[in-house]
Amino acid sequence: MVRKAGLINEVDHHIAKRLQLRRIMLGMSQTDLANKCGVSFQQIQKYETAGNRIPAARLFDLSQALETSVAFFFSGLPGNFPPETKAIRSMRVSEAKENDPLSKNESLQLINLYWNLPSDSQREMVMQMLKTLNGEDNKKKS
């Protein structure tokens with residue numbers, strides 16, 4: 001595949017979405033990430049929108065700041081993978097549907113807050129509250 005200079009392609013968009021996903025998963029702001037990497041928060045914004053391509057050295061810095069491997073950013077891209085991974089590859093972050101709850105920042109924040117609760121009993125209470133609010137307790141009793 002030949003790339004024309006200055007054009008952003010599918011790979012750049014995919015990496016940008018994975019960067020944003022990981023940052024949000026960790027509950028980190030763009031400013032926090034920028035400070036860890038020694039760049040401005042505007043630069044992080046540009047990386048996350050694929051407005052600017054991420055150089056290899058910066059991608060390494062980002063992976064360190066986000067406590068993940070560089071490979072995380074490429075996960076889900078089409079490529080030369082064994083057939084058994086075909087189903088996994090077919091759902092890419094960049095193709096998330098508009099109504100997919102996991103594509104929303106609020107969902108990622110909720111997951112992060114849930115797993116940051118200090119005890120299993122507190123997580124159980126939150127889960128029970130959510131089931132009650134959704135009427136799942138009544139469904140089981142009927």
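The values are calculated or read from the model by the stated rules, or taken from the named source; none is laboratory data. Here the structure is a predicted model, which means the values were calculated and not measured. Reconstructed Cβ throughout: ideal geometry from the backbone, glycine too, with neighbour counts over all protein chains shown. Just so you know, the surface numbers come from the protein's heavy atoms only, side chains and all, with ligands and any DNA or RNA stripped out. Shrake-Rupley method; radii C 1.70, N 1.55, O 1.52, S 1.80 Å.
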Inset, instruction - Place a +1 charge on the Cβ of each Lys and Arg in segment 6-71 and a -1 charge on the Cβ of each Asp and Glu, then give the dipole magnitude about the Cα centre in debye, rounded to the nearest 20. - result: 20 debye
Legend entry - Exposure ranking of SER119, SER63, SER75 by accessible area [1.4 Å probe, largest first]: SER75, SER119, SER63
